[in-house]
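Since every read-out is calculated from the coordinates, none of them should be taken as a lab result. Not measured: the values here are computed from a predicted model. Heads up, the Cβs are rebuilt from the backbone with ideal geometry, glycines too, and the neighbour counts pull from every protein chain shown.
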Amino acid sequence: MENAFVNQFKEHVSFEYTSLDRVVSRGYIRSLFNNGSVVNLMRNLGFKKANDGVFRLLTDQLNSHIKNTAKKLGAEILWEQNLQIEKNGGKLEYVKKKYADVYKEKSDKVLCIIKAKEFVRAFTTREFNKKDGTGKHEVVYSAKKPVSQYYIYIHDKVIGLCYLKISSYLPFECEFYFNGHNYLKQQFDLKEKSYRMDANSFVEVDNLELLKELVENLTGQEILERINRWKNDFFKFDKGDRSTRSKLLEHEWYTNQTEISTNVIFKSPKYFNTIFDQLLAKHYTVGLPDRVSTIFGYKNRPKSESKTSQRLYKMKSCIKHWYKGNSIKMYNKGGYLLRVETTINNPGLPGQKLKKDLRYLASYMWYGIGVNNRYFETIADTDAEMVSPEIKEKLTKTVLSKSGKKIAAIDLRKESQLELMKVLMKPKFMNGFRINDINGLMNNESKTSKINYELQKYIVRGLVKKIKKSNFYRVTKEGWKYITICLFQNNWFANPLTAKVFKKSIKSNVSNPSTFEKAIHDFSSSLNLLQRSFGIVF
């Protein structure tokens, strides 16, 4: 991957790579798409009627086969309701913890099957009186009803940890999940290559070229072969002496959700955390509709169907931009890895239409790389020197004054500290201020001695300095930079509730989206201009 961001920080980057992450595909039986086709299918399978009794018979046969296959493979079937599992990926996390020792095996293995009840689309029948009064007839219709779902968790010898989900009732919809990082991990294990992962990312590899080669060679056809390998084992119907499946009950597989992640691993966590703070300050303008549409590659740039959400991800800010069902987000993983991740939920958009057939999975990968690259280009002009790592470390730790007295760090959790920062940034104090001037603008509880104590924290760190032969103080150039960033981060990221208000301010400034962004980017130049205009000596 070549983009301006990686080139800008290449001296500080250990390596970078892009890969598929979470991929969910859905399997459908074409002959079970509508009510009429169900009746035809039942007749072709040899049933005279299409009713709930016949549907139930197929379900019982499928349940029996899955149970027998699980017993044969030594995989236990667990009811979800009997397990302490959280929602949103809880089943997968449960399996990861329970079967962690199996991940290094080089052969296929079914780990377990988790059975759950879920409301899904299913076919059923209802009796109606015939118009001529000669009796009743049954009509097939679809409705949502609770149906048993089998989550079959597998350690696949090619793609690693994955699962196949089978719905036990007509129309027998299926789902298959795998993760591109699990695939890469499995391939490195098979080739006995060393690596180190942090959470769901590679942070060290002994063969970067192999990593990128594996990413490029993974195709939808290969995934389809692995799906059919497991589906042919489990999706059959028990006939007593044997299990079988008609060719009329073959699934066709389509992409449902595809994540493409670009990971940039920095050499120094201290340096990267400083960069990440600057990225957050710049990141907000990406959420404007016209800019998001450009990142996703849409030429018409409609100013609708776009939104931005902020949340905390392991105590770090994460902003997610949505555009017509697709999204892109950026966050800090582990303190030294920057991840930008595109999620494709809706590939069928004008101008960028992707085929949903799973065999075209590689096109999703290349499209995601393009989106991620355009995003990196947007944040590439980050000012790395706005606050250096050394200065930032000095600001967050206790330091010694010239007299040897310990001066505590600036505590941004205190409202009084934030209030003091806002007062120091007032334009009228550009040429200097006295402590009494500040006292008049603080709340009534503040005392001169308290303000003087807090101000010492800024003075010993070089953020504020005393003007020689006077009682005046002045905020230094480094102080302006640091205080600006602190106030920005606190307003928009430290408090998630405040971030909701921020979304409204974005909409109200769509007509001039780059004003603040340009101010951040050119901050040092702006300070120099102020210095010349007002005759300030920092």
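Odds and ends about this structure:
- Neighbour counts of other Cβ atoms within 10 Å put Lys477, Lys405 in the fewest-to-most order Lys405, Lys477.
- Sequence of Trp79, Trp253, Trp230 once ranked by neighbouring C-beta atoms within 10 Å, starting from the fewest: Trp79, Trp230, Trp253
- Of all aspartates and glutamates in the structure, the ones whose alpha carbon falls short of 20 Å from that of Lys469, not counting any fewer than 8 places away in one chain, are Asp437.
- Given Lys414/Lys450; Lys72/Lys109; Lys457/Lys481; Lys91/Lys165; Lys115/Lys185; Lys71/Lys247, the pairs whose alpha carbons are separated by over 18 Å: Lys115/Lys185; Lys71/Lys247
- Listed by Cβ neighbour count within 10 Å, with the fewest neighbours leading, Asp21, Asp108 appear as Asp108, Asp21.
- Sites Lys247 and Ser142, calculated FRET efficiency, Cβ-Cβ separation with R0 30 Å, nearest 0.05: 0.80
- Among the trypsin sites (Lys or Arg not before Pro) within segment 131-211, those in coil by DSSP and having at most 10 neighbouring Cβ atoms inside 10 Å are Lys131, Lys191.
- Shape summary of segment 1-126, radius of gyration then Dmax from alpha carbon positions: 22.6, 73 Å.
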